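Encoded as structure tokens, the structure appears first; notes follow it.
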Amino acid sequence: MFVSADTEPSMRAIAREAGVGIATLYRHFPTRESLVDAVYRDQVARLTSGARDLLVQFPPPAALRRWMDLFGEWIATKNGMLDTLLAMIESGEIAHARTQTELLAAIDVLLDAGRSTGELRDDVTAEDIAACLIGIFTVAPSPEHEARAGRLLDLLMDGLRPAR
């Protein structure tokens, strides 16, 4: 991936990584901001729809744990576009509050499913989960600390199960 923690990749580097010419990239995304916006919106949509999709395939706890991995991947993809993304949020081009609402709703879907089956605690909120995820991916950013992040996510999942 073309992500660097220090600098944002050039449009030329992005085109090369995507296997397209620079002209093709600019034809679809005339500015860095338009590219960042498209990537950001796509990733948020995948996360929000992913919650329901995972529940079709897995029991609620497994679906939640897999969704946490998707969230970690989403956080990692934002690193290479962080400066542009922050500027766009600051200018109002991207509605950060709307994204937060959508992500919390996705977590609620997963928690509600687990509560209804008795597999997840009923005293945990989506905000609690989001705060835990931000903390985990702050101390164990992927991919350098993928194993540590996985252990921490597993510990979180253990804490989400009701006491027996």
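The values are calculated or read from the model by the stated rules, or taken from the named source; none is laboratory data. Predicted model, so just to flag it, every value in this text is computed and none were measured. As a convention, Cβ positions derive from the backbone with ideal geometry for all residues, glycine included, and neighbour counts pool all protein chains shown. Note: areas computed on protein heavy atoms with side chains; ligands, DNA, RNA excluded. Shrake-Rupley method; radii C 1.70, N 1.55, O 1.52, S 1.80 Å.
Here is the figure for the stretch 126-164: residues that are polar (S, T, N, Q) and under 21 Å from Pro59 (Cβ atoms) total 0. Looking across the stretch 46-77 at every residue that is more than 10 Å from the chain's Cα centre (by Cα) and aliphatic (A, V, I, L, M), the one that is most open to solvent (accessible area, probe 1.4 Å) is identified as Val56.
For Leu111, are the conditions met, namely being at pLDDT 90 or above and surrounded by 14 or more Cβ atoms within 10 Å (Cβ to Cβ)? Answer is yes for this residue. Per the conditions (1) open to solvent by 60 Å² or more (accessible area, probe 1.4 Å); (2) assigned to a helix (DSSP H, G or I); (3) modelled with pLDDT of 95 or more; (4) not acidic (Asp, Glu), the sole criterion not satisfied by Arg121 is (2).
So that you can scan it fast, the table gives a plain yes or no per residue for (1) in contact with a Gly (Cβ under 9 Å, 6 or more places away or on another chain); (2) within 25 Å of Thr117 (Cβ to Cβ); (3) small (Gly, Ala, Ser):
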position: Thr31; (1), (2), (3): no, no, no
position: Ala45; (1), (2), (3): no, no, yes
position: Ser49; (1), (2), (3): no, yes, yes
position: Arg52; (1), (2), (3): no, yes, no
position: Leu55; (1), (2), (3): no, yes, no
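Within the stretch 124-146, if we keep just the residues that are surrounded by 15 or more Cβ atoms within 10 Å (Cβ to Cβ) and of a type in the set (A, V, I, L, M), the residue that is farthest from the chain's Cα centre (by Cα) turns out to be Val124. Within the stretch 126-139, the only residue that satisfies the criterion of being farther than 15 Å from Trp67 by Cβ, in contact with a helix residue (DSSP H, G or I) (Cβ under 8 Å, 6 or more places away or on another chain) and not aliphatic (A, V, I, L, M) is Glu127.
Looking for whichever is open to solvent by 50 Å² or more (accessible area, probe 1.4 Å), modelled with pLDDT under 70, closer than 26 Å to Glu144 by Cα and out of contact with any Gly (no Cβ under 7 Å at 6 or more places or on another chain) here; the options are Ala5, Ala18. Which one fits?
Ala5
Contact map, the stretch 113-141: first residue within 10 Å of Pro162 (Cα to Cα), second residue part of a helix (DSSP H, G or I) and open to solvent by 20 Å² or more (accessible area, probe 1.4 Å), Cβ cut-off under 7 Å, separation 6 or more or different chains; pairs are Asp122/Arg115.
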